[in-house]
Amino acid sequence: MAEYIDLGEIRAAAYAQAGAGSVIYVHASKKDPEPVMALAGPLDSAVVWMEGAVWERDLTPWPAERAFRRGEDYTGGAGEYLQKLSDNMRKVEQALGINPVVRALVGYSLGGLFSLYCSYLTDAYPVIGSISGSMWYDGFREYAASHTCRAKYVYISLGRGESHNKNPRFSTVAESTGAVKEALEKNGVKTRFEWTGGDHRRMVHERIAAGLRAMDSAVKALHLNINRSGGT
């Protein structure tokens, strides 16, 4: 069961074992994390679901027009939210009594876009995950091609049906994801890409659970390398 930590505007739902040496921070909408964690099975890393971010504001890299007629425009507050996340991260880890050697950041949809964008702004999260990430976002593939990713490992997954969308922007997600993956590899970042079943609204729990398992393995490997090299 989750331990809930109140952080003011946002709340953390944490799944952690005492003394965990790594932690994965997750942004994956308002979905109940319990079914996902059950599907993921035992993980060595602590997993902390961050709840309460305003997606159109906090998880977007720069302003862009809304994707839905009745939706909100995207306002591009990811940089500011990243600082808030960094501040809250310390509070979460203190509450859990952990001092992780490796931190990872993963998200679903706009949360995946946010995670990947953060890897260009900071090296605080050497393991990054984008699950059904919004790589269709205006200008992001060009940004990825012209900037340096600071992560060591990036996990990307996409449902096979996600491009079959009447929205012309969403329909480019597979092509744009491929372009971002190519940019990461040219940048020397170890990148793992997986096609999965379903589309953006089907098999979501399964896709996130698979992503958490892959992230946990990557984090564990990096943690071992750091220990062997004597780093901290």
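For first residues located in segment 88-101 and among the basic types (Lys, Arg), partners that are crowded, with 16+ Cβ neighbours inside 10 Å and lie 6+ apart or on another chain with Cβ distances below 9 Å form the pairs LYS91/ILE5; LYS91/LEU7; LYS91/ALA12.
Annotation note: of GLY133, GLY111, GLY129, the sole residue that is small (Gly, Ala, Ser), assigned to a strand (DSSP E or B), surrounded by 22 or more Cβ atoms within 10 Å (Cβ to Cβ) and within 16 Å of the chain's Cα centre (by Cα) is GLY129. Count of segment 52-104 residues, restricted to those that are out of contact with any helix residue (DSSP H, G or I) (no Cβ under 9 Å at 6 or more places or on another chain), among the acidic types (Asp, Glu) and under 25 Å from ASP32 (Cα atoms), is 2.
Listed here are the residues, each with its yes/no results for (1) touching a strand residue (DSSP E or B) at 6+ places or on another chain (Cβ under 6 Å); (2) acidic (Asp, Glu); (3) under 19 Å from HIS205 (Cα atoms).
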| site | (1), (2), (3) |
| --- | --- |
| SER22 | yes, no, no |
| SER29 | no, no, yes |
| ALA67 | no, no, no |
| GLY76 | yes, no, no |
| GLN83 | no, no, no |
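Here is a yes/no grid of residues against (1) under 22 Å from GLU56 (Cβ atoms); (2) buried (at least 20 other Cβ atoms within 10 Å of the Cβ); (3) out of contact with any Lys or Arg (no Cβ under 7 Å at 6 or more places or on another chain):
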residue	(1), (2), (3)
ALA124	no, no, no
PHE140	yes, yes, yes
LYS152	no, no, no
PHE170	yes, no, yes
TRP195	no, no, no
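Put simply, of ILE208, ILE226 the only residue that is in a helix (DSSP H, G or I), in contact (Cβ under 8 Å) with a residue 24 or more places away in the chain and within 28 Å of PRO35 (Cβ to Cβ) is ILE208. Of all residues in segment 57-71, those that are surrounded by 15 or more Cβ atoms within 10 Å (Cβ to Cβ) and at pLDDT below 95 total 1.
Checking ALA13, ALA53 one by one, the residue that is surrounded by 18 or more Cβ atoms within 10 Å (Cβ to Cβ), without any contact (Cβ under 8 Å) to a residue 60 or more places away in the chain and more than 24 Å from TYR137 (Cβ to Cβ) is ALA13 and no other.
Set side by side, the residues THR122, THR196, THR148 differ, and just one is among the β-branched types (Val, Ile, Thr) and in contact with an Asp or Glu (Cβ under 9 Å, 6 or more places away or on another chain), which is THR196. What number of residues in segment 39-61 are in a loop (DSSP other than H, G, I, E, B) and either closer than 23 Å to THR75 by Cβ or among the β-branched types (Val, Ile, Thr) (or both)? Qualifying residue count for the region: 6.
The values are calculated or read from the model by the stated rules, or taken from the named source; none is laboratory data. What you see is a predicted model; the values in this text were computed from it and never measured. Please note: Cβ atoms are built from the backbone with ideal geometry, for glycine as well, and neighbour counts cover all protein chains shown.
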